[in-house]
Amino acid sequence: MKLARCRWLVVQAVALLCAALAHARAPLHVLVDNSTEMPQGRFERGYLVGGIHFDVGQALAGKLGREANFRVLPRKRVIDELLHGQQADLICGYLPQWLPGVTAWSRPFLPDEQWLLSGRTVPAPRKLAELAGQRIGTVLGFVYPEMQQQLGTGFVREEAPDAGANLRKLSLGRMQHAIVGRLQFEYQMRLGGYKLDLHAPLVISSYQSQCALSRHSTVSLAELDKAIAELQAEGGIQRILAKYR
């Protein structure tokens, strides 16, 4: 009996060790919205190969002892994957109000601003309330809580597949107002891809975005926050952002 019990304990110990090793080798499944543009993300043949999301995902995976596996999805599938998917650990660069229903959020760590751009063919708005009833370039599926709060039913959205499409409309005079992230706008202006005659931007919000963590993830929120804190302390986040400034 004692020998049989010893054998059983050995078998159990080996099984637990194998499970632990498998867990350690599990990739970090990082979700990315397929409407993401540079500097946040660069795609080749449907795969994420560069940009802030790529660099942050790689850095977090390294801190967590994993390999990053990037899964590119339509925006409308992101919430469902985070809530129910088995290969969806996290998505970064978001705020809780942008992904309703997701309850586990990392510490804030990615600074950015949301800007309202206005062409010089119209008066420069001094506050958001002045834009009630005017068409404003937005991205399909994106949430703009500050605009909704300030304008209510007066928030008239003109949808585009991405912010780049709105910048093109602004440059062609087909639109007078559009919302864009500061990092993205400044990156595109450095590339010189758009000829724009604009008023100084009106800042809608300043924030530090976070990572949304799936409740099914084998990574705990404490582990994720620790990895982010280590990257911040080492200057890793600042170095990533500096690449695109």
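The values are calculated or read from the model by the stated rules, or taken from the named source; none is laboratory data. Everything quoted here is computed from the prediction, not taken from an experiment. Here the Cβ is made from the backbone with ideal geometry for all residues, glycine too, and neighbour counts use every protein chain on show. With ligands, DNA and RNA removed, areas are computed over all heavy atoms of the protein, side chains included. Shrake-Rupley method; radii C 1.70, N 1.55, O 1.52, S 1.80 Å.
For segment 113-145, which trypsin sites (Lys or Arg not before Pro) are both in a DSSP coil and crowded by at most 16 other Cβ atoms within 10 Å? Write down the numbers at each step before the final one.
Numbers: sites: 120, 126, 127, 135; in loops: 120, 126, 127.
Passing both the DSSP loop test and the Cβ count: 120, 126, 127.
Amide H to amide H, with H built 1.01 Å from N, residue 69 comes under 5 Å of 28, 29, 30, counting only residues 5 or more places away or on other chains. DSSP finds beta bridges in the chain, and of those with both partners inside it, around 60 percent are antiparallel.
Computed per residue of the chain from DSSP H runs no shorter than four, each worth -39500 (n - 2.57), the mean residue ellipticity at 222 nm is -12000 deg cm²/dmol.
Coupling constants for segment 232-245 follow from the phi torsions by the Karplus curve (6.51 cos²θ - 1.76 cosθ + 1.60, θ = phi - 60°), and in residue order they are 5, 5, 7, x, x, 5, 4, 5, 4, 5, 4, 4, 10, 9 Hz; glycine and proline get x. Probing with 1.4 Å while keeping every protein chain in the model, the per residue accessible area of the chain equals 53 Å².
Angle of helix 163-172 to the longest C-alpha principal axis of the chain, folded into 0 to 90 degrees and rounded to 10: 10°. Under 5 Å between amide hydrogens, built in the peptide plane, is the criterion, and for residue 115 it picks out 180, 181, 182, 204 among residues at least 5 positions away or on other chains. Relative to the longest principal axis of the Cα atoms of the chain, the long axis of helix 2-25 lies at roughly 20 degrees. Across the options 68, 31, 144, the greatest Cα extent toward the positive end of the charge dipole of the chain (unit charges at beta carbon of Lys, Arg, Asp, Glu) belongs to 68.
Between the helical axis of 75-84 and the longest alpha-carbon principal axis of the chain there is an angle of about 30 degrees. Amide H to amide H distances under 5 Å link residue 137 with 158, 177, 178, 179, where only residues 5 or more positions off or on other chains count and H is placed in the peptide plane.
Rounded to whole numbers, the Karplus 3J(HN,Hα) couplings from phi for segment 119-128 are x, 6, 7, 10, x, 5, x, 8, 8, 4 Hz, using 6.51 cos²θ - 1.76 cosθ + 1.60 with θ = phi - 60°, and x at Gly and Pro. Taking the Cα centroid of segment 147-206 and of segment 40-103, what is the distance between the two, rounded to the nearest whole Å? Rounded to whole Å, the Cα centres lie 24 Å apart.
Straight Cα distances below 18 angstrom link residue 63 to the lysines 226, with same-chain residues fewer than 8 positions distant left out.
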